[in-house]
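So the structure is just underneath, and the comments pick up after that.
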Amino acid sequence: MELYSAHILVCTCEKCAERKSLQVYQEIQRQLKEKGLEQRVAVMKTEAAASCDSGPVVLIYPEGTAYVQVKPADVTQMLEEHVMGGRVVERLLHKAHPDESAVTSLDEMQFFKHQKRIALRNCGIINPESIDEYLGADGYTALTRILTEQTPPQEIIDCIKGSGLRGRGGAGFSTGMKWQFAADAPSEDGVKYVCCNADEGDPGAFMDRSVLEGDPHTILEAMTIAGYAIGASQGYIYIRAEYPVAVKRLQHAIEQARDYGLIGENILGSGFTFQLELRLGAGAFVCGEETALLVSIEGKRGEPRSRPPFPAVKGLNQRPTLLNNVETYANITWILNHGAQAFATIGTERSKGTKVFALGGKIVNTGLVEIPMGTTLRTIVEDIGGGVPNGKKFKAAQTGGPSGGCIPASLIDTPIDYDNLVEIGSMMGSGGLIVMDEDNCMVDIAKFFLDFVVDESCGKCTPCRIGTKRLYDLLDKITRGEGEMEDLDTIEELCYHLKSSALCALGQSAPNPVLSTLTHFRDEYEAHILEKHCPAGICKSLVNFWIVEEKCKGCGLCAKNCPVEAISGKLREPYSIDTQVCIKCGLCESQCRFNAVVRA
Amino acid sequence: MKTREELQEIREAAKKQLDPHPKAGAKIRVVVGMATCGIAAGARPVLDTLMREVARHHLDDVVVTQTGCVGVCRLEPIVEVYAPGQEKVTYVKMTAKRAARVVAEHLINKNVVARYTIGAAD
């Protein structure tokens, strides 16, 4: 009897045979003969009866190693490494079948573990174009109950007050107080209004859009209840025309609610009337400011006015007007259905409930999350967001868009709520959260937001119209490498004046991105000014590209792709870049396969 | 105009339909994320294919419908299947071709197409 040192079993069941296991068998036979191993290694056909879904399967004994998806081309490696070399070929190993251990549904994901969904409770669950499904998700129960029982309006306002809900548009004013002011404000002819601010303009923010697209009826119900609570019978939703899907779904929802008698005259026979209309904005950022929004609804040019009088006293058409943000309204029915206490137990001492954030930038899980107030930035970025991609380091997170600031990595354990964010120089804002890694230049970020504000400033007041432009010019000067240390003092002074004298929140908060980066990343500003160097390699004027001779293989790919022919050299010899001609587009860097092009 | 009683009836019926763990005999709900993020990623052809394939195979026990953004915009288009007696299955990064396969494999043959599910993503 022959003594074999190894047995190779090739599965030839139907499934494996279909995937050419016979060819694998023949190839093994051929190579064993070629290598003179036929006396020492036996090969035979078998039916492995397992893992054949990822066949052809090959088993090698005495180890009992199972290889899957073996192709004839893999045979050489398998024989040389495993049979002759005694090393397992990792890449052919059978991995646990995905069916057995894989997560197949969303709820089990890390992404949802730290979340608490109140404003987004129906998003991704019900059909936003079906009022029936909203009813099925306990929709319109709060409204029905209030109108049936004729709940005194003050009781509703007290409930909202007791919940501790604060305005989700960013400033964080107590919603209950706002309702109280609007309810108490006298109106000569009895006309009051309820308005919804759906003019979401922060770059990188899309929370309101998602609520409107996923659950429009909750906004309608909350506004109707608000109308009942403050004594208004007309409502407007001011939404930007750039949100066509949200506009369509809102329109559809209003028609359905009217059909069912949940909006309109004499709702559910209670004698209470509430009409609701949409007003489309043309996309001006300043129209998200409450006074500008209200004059825009009136059909006038969207410019803010000074407060007081606050809209709750004199708003739309000079009548008392209640204006809340989409996300604020999205919390209302939940609070009325679950009680103020249930809401007040979530969150921190002064910030109750949850907050929706739109995660964007350098983060793995871009998307929408809703977390209880007081969750740390670390939980949001690392656990829910999945961290920074490509192994880069977390540098800062920007909240609040052009009105907010940057939170540096050193403050990543700050619990997120209204007051903490203000304390560290940022603000809650509407909820955009942009994550930045080491490749982001903080001066450039500040300049980006200033550029946005300069564009969007309405021009009514001088501090904002001229101040933001001057601020932008100074930042631009620094990124061009022409800055001086005195410029930093000028910037700080300008920021101070802008904050204290601009007419509306747009101008008052415009310095935030600059001030917060200046506080937390002053060294970067100084590097730009003193060393004429951009640490992140973003500011074009301060960056030069060159080729590392030792790494360059002379393939010529960079020269081929250079749009201005700044790169020259001979094939198979190191190339070089003419910095005089180079426009610093970075194309060579991205094309080079040997990482020979560097910037600094 | 509906009366309170009529609203309550609609509510009860919809509740059964929305049950995340449908009872035996209930219809299979196939839900496509159709918010702006989903549509931008190509949810429209996915929804169309699902509806067409379900109609073509006369799957009377399947309802194809739409929903808003569930939050994982990175993995859109997302399709979720709620079937009686089964855990919810979340398919991600769907295409029309994948949708047709899910109809054939999952809805007809009752085999979850594991490699399109959220656990197999990335």
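The values are calculated or read from the model by the stated rules, or taken from the named source; none is laboratory data. Everything numeric in this text was worked out from a predicted model, so none of it was measured. Cβ: placed from backbone, ideal geometry, glycine included. Neighbour counts: every protein chain shown.
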Considering residues of segment A:111-132 that are assigned to a helix (DSSP H, G or I) and surrounded by fewer than 21 Cβ atoms within 10 Å (Cβ to Cβ) only, the residue nearest to the other protein chains (Cβ to nearest Cβ)
A:ASP132
Scanning segment A:237-249 for residues that are in a loop (DSSP other than H, G, I, E, B) and surrounded by fewer than 23 Cβ atoms within 10 Å (Cβ to Cβ), which turns out farthest from the chain's Cα centre (by Cα)?
A:ALA241
First in segment A:260-278 and of a type in the set (Asp, Glu), second anywhere and part of a loop (DSSP other than H, G, I, E, B), Cβ under 6 Å, 6 or more apart
A:GLU265/A:THR273
Are there any helices (runs of 4 or more DSSP H) wholly within segment A:133-185 with 1 or more residues that are under 29 Å from A:ALA205 (Cα atoms) and out of contact with any Asp or Glu (no Cβ under 9 Å at 6 or more places or on another chain), and if so which?
A:153-163, A:175-184
Cross-chain or 6+ apart pairs with Cβ under 6 Å, segment B:17-41 first and without any contact (Cβ under 8 Å) to a residue 60 or more places away in the chain and among the small types (Gly, Ala, Ser), then surrounded by fewer than 18 Cβ atoms within 10 Å (Cβ to Cβ) and outside any strand (DSSP E or B)
B:ALA26/B:PRO84
Matching residues in segment B:18-44 - criterion: being loosely packed, with under 15 Cβ neighbours inside 10 Å and in a helix (DSSP H, G or I)
B:ALA40
Scanning segment A:172-195 residue by residue, those surrounded by 21 or more Cβ atoms within 10 Å (Cβ to Cβ), under 22 Å from A:SER351 (Cβ atoms) and among the hydrophobic types (A, V, I, L, M, F, W, C) turn out to be A:TRP179
A:GLN234 more than 22 Å from A:THR328 (Cα to Cα) and crowded, with 18+ Cβ neighbours inside 10 Å
no
Has segment B:96-117 got at least one residue that is away from chain A (no Cβ under 14 Å), farther than 22 Å from A:TYR134 by Cα and among the β-branched types (Val, Ile, Thr)?
yes
Could you please let me know if B:VAL81 is assigned to a strand (DSSP E or B), at the interface with another protein chain (Cβ under 10 Å from one of its Cβ atoms), in contact with a strand residue (DSSP E or B) (Cβ under 7 Å, 6 or more places away or on another chain) and under 30 Å from A:ALA358 (Cβ atoms)?
yes
What pairs can you find where one residue is in segment A:464-486 and free of Cβ contacts under 8 Å to residues at least 12 places away in the same chain, the other is surrounded by 14 or more Cβ atoms within 10 Å (Cβ to Cβ), and their Cβ atoms are less than 7 Å apart, with a gap of 6+ or different chains?
A:ARG465/A:SER457; A:LYS477/A:GLY483; A:LYS477/A:ASP487
Specify which of the listed residues (B:GLY68, B:GLY85) is under 13 Å from the mean Cα position of the chain (by Cα), among the small types (Gly, Ala, Ser) and closer than 15 Å to B:LEU18 by Cα.
B:GLY68
When you look at A:GLY169, is it within 19 Å of A:ARG279 (Cα to Cα) and surrounded by fewer than 24 Cβ atoms within 10 Å (Cβ to Cβ), yes or no?
no
Selected residue (criterion: nearest to A:THR148 (Cα to Cα)) from residues of segment B:1-21 that are under 27 Å from the mean Cα position of the chain (by Cα) and at the interface with chain A (Cβ under 7 Å from one of its Cβ atoms)
B:LEU7
Select from segment A:448-463 the residues that are under 12 Å from A:PRO402 (Cβ atoms) and part of a helix (DSSP H, G or I) and list them in ascending order.
A:PHE448, A:PHE449, A:LEU450, A:ASP451, A:PHE452, A:VAL453, A:VAL454, A:ASP455, A:GLU456
Criterion: on the phi > 0 side of the Ramachandran plot, within 33 Å of the chain's Cα centre (by Cα) and of a type outside the set (D, E, K, R) - qualifying residue of A:GLY283, A:GLY302, A:GLY264, A:GLY271:
A:GLY283
Restrict the check to segment B:50-69 and report whether at least one residue is hydrophobic (A, V, I, L, M, F, W, C) and facing chain A (nearest Cβ under 8 Å).
yes
Scope segment A:563-600; condition of a type in the set (S, T, N, Q), out of contact with any Phe, Trp or Tyr (no Cβ under 8 Å at 6 or more places or on another chain) and assigned to a loop (DSSP other than H, G, I, E, B); matching residues:
A:GLN580, A:ASN595
Quick one: is A:VAL443 assigned to a strand (DSSP E or B), in contact with a helix residue (DSSP H, G or I) (Cβ under 7 Å, 6 or more places away or on another chain) and modelled with pLDDT of 90 or more?
no
Please list, ordered by first then second residue, the pairs with beta carbon atoms under 8 Å, 6 or more apart or interchain, first in segment A:559-571 and surrounded by fewer than 19 Cβ atoms within 10 Å (Cβ to Cβ), second assigned to a strand (DSSP E or B).
A:SER568/A:SER576; A:GLY569/A:SER576
Taking the condition of being in contact (Cβ under 8 Å) with a residue 60 or more places away in the chain, away from chain B (no Cβ under 14 Å) and part of a helix (DSSP H, G or I), how many residues in segment A:334-382 meet it?
8
Within segment A:346-374, how many residues are basic (Lys, Arg), surrounded by 20 or more Cβ atoms within 10 Å (Cβ to Cβ) and touching a helix residue (DSSP H, G or I) at 6+ places or on another chain (Cβ under 7 Å)?
2
Do we find that A:SER296 is in the same structural domain as A:ASP202 (by TED's automatic domain parsing), buried (at least 19 other Cβ atoms within 10 Å of the Cβ) and either farther than 25 Å from A:PRO402 by Cβ or touching a residue at least 24 places away in the same chain (Cβ under 8 Å) (or both) in this structure?
yes
From A:THR224, A:THR218, grab the single residue that is touching a strand residue (DSSP E or B) at 6+ places or on another chain (Cβ under 9 Å), in contact (Cβ under 8 Å) with a residue 24 or more places away in the chain, in a helix (DSSP H, G or I) and assigned by TED's automatic domain parsing to the domain that holds A:GLN275.
A:THR224
